[in-house]
Amino acid sequence: MSEALVTAGAPVTGRGAARMTDTVRAEWTKLRTLPSTWWLLIAIAVCTVGVGALTSGALSVGDCLQRRTCDEDTVELSLTGVWVGQAAMAVFGVLAVTSEYGTGTIRPTLTAIPSRLRMLAAKAVVVAGLAALAGAVSVLGSLYAGRMLILDAGFTTGTGYPPISLADGPTLRAAVGAVLYFVLVALIGLGLGAALRDTAGTLTAVLVLLYGFPLVAGMLADPDWVEKAQRVSPTSAGLSVLATRNLDALPIGPWAGLGVAALWAAGMLGLGWGVLRGRDA
């Protein structure tokens, strides 16, 4: 289905699978023709790899030896940039829907696609696919840069640190988990955008959720409440998947934490669908 069909407001007809395929194709056409899409995806990779390289480059095995302990999680440090890159990923998810409300093009889209669930699902498929692509490039770049910089810093097999490699189970889990986390952040932004519709308001809400929630949780006086808050925070829980050492010290396990982030994404998408169905029926 061409972009012109959606713009003209012609309804999508046909069998269910065909309609969904056409809707996904239309959403892909709209999203790929937005210049902001590609700039944001580039920003995600640059921020993630750049911050990870800065963090890895600041390591020195000499500091470890002076403390007579060497227990750095070099994989997690190499992926530190995920914490920064998620902001650009959230913006990407938000703009995938709020940009249409801002320009008014959402009206012909809703006319062409009577099913609000199908429209939101198609947007989610396209956003998730691009988020996974950008996330994979960012994560692989971060791990490669971290591997080189950490070796230069003296973290070698002799000091108890074999080179970072995807052949290592925990490292592979952290890499796959980081990509999935990026996808979930984009979907959180998409769901909130569908619910709130306003770009500025949605960006404020999603950034508060991703960064403000963990900050407030860390300010709680009771350590038990701090841990409870971290277990339900999409960021604190979700980013636990990056850890490859000292897993017992985490407030929640890696995959369980990613599951919490997935619940947030599902909840935001459900909220967005509910608002779409209620207001635009």
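Scanning region 210-235 for residues that are more than 26 Å from residue 135 (Cβ to Cβ) and not in a helix (DSSP H, G or I) gives 219, 220, 221, 222. Just name the residue that is surrounded by the fewest Cβ atoms within 10 Å (Cβ to Cβ) out of those in region 203-212 that are of a type in the set (Val, Ile, Thr) and within 16 Å of the chain's Cα centre (by Cα). Result: 208. Within region 182-209, residues that are within 16 Å of residue 129 (Cα to Cα) and modelled with pLDDT of 95 or more sit with their Cβ atoms under 6 Å from residues that are of a type outside the set (A, V, I, L, M, F, W, C) and surrounded by 21 or more Cβ atoms within 10 Å (Cβ to Cβ), at 6+ positions apart or across chains, in these pairs: 182/135; 185/86; 186/93; 189/93; 190/93; 191/272. Taken residue by residue, region 178-192 has at least one member that is under 17 Å from residue 53 (Cβ atoms) and buried (at least 22 other Cβ atoms within 10 Å of the Cβ). Filter region 150-194 down to residues that are among the hydroxyl-bearing types (Ser, Thr, Tyr) and assigned to a helix (DSSP H, G or I) and give me whichever is nearest to residue 256 (Cα to Cα). Once the filter is applied, the top-ranked residue is 181. Among residues of region 102-131 that are under 16 Å from residue 37 (Cα atoms) and at pLDDT below 95, those with a Cβ under 7 angstrom from a residue that is surrounded by fewer than 23 Cβ atoms within 10 Å (Cβ to Cβ) and not acidic (Asp, Glu), sequence gap 6+ or separate chain, pair up as 102/199.
The values are calculated or read from the model by the stated rules, or taken from the named source; none is laboratory data. Treat the numbers as computed from the prediction; the structure is a model and nothing was measured. Reconstructed Cβ throughout: ideal geometry from the backbone, glycine too, with neighbour counts over all protein chains shown.
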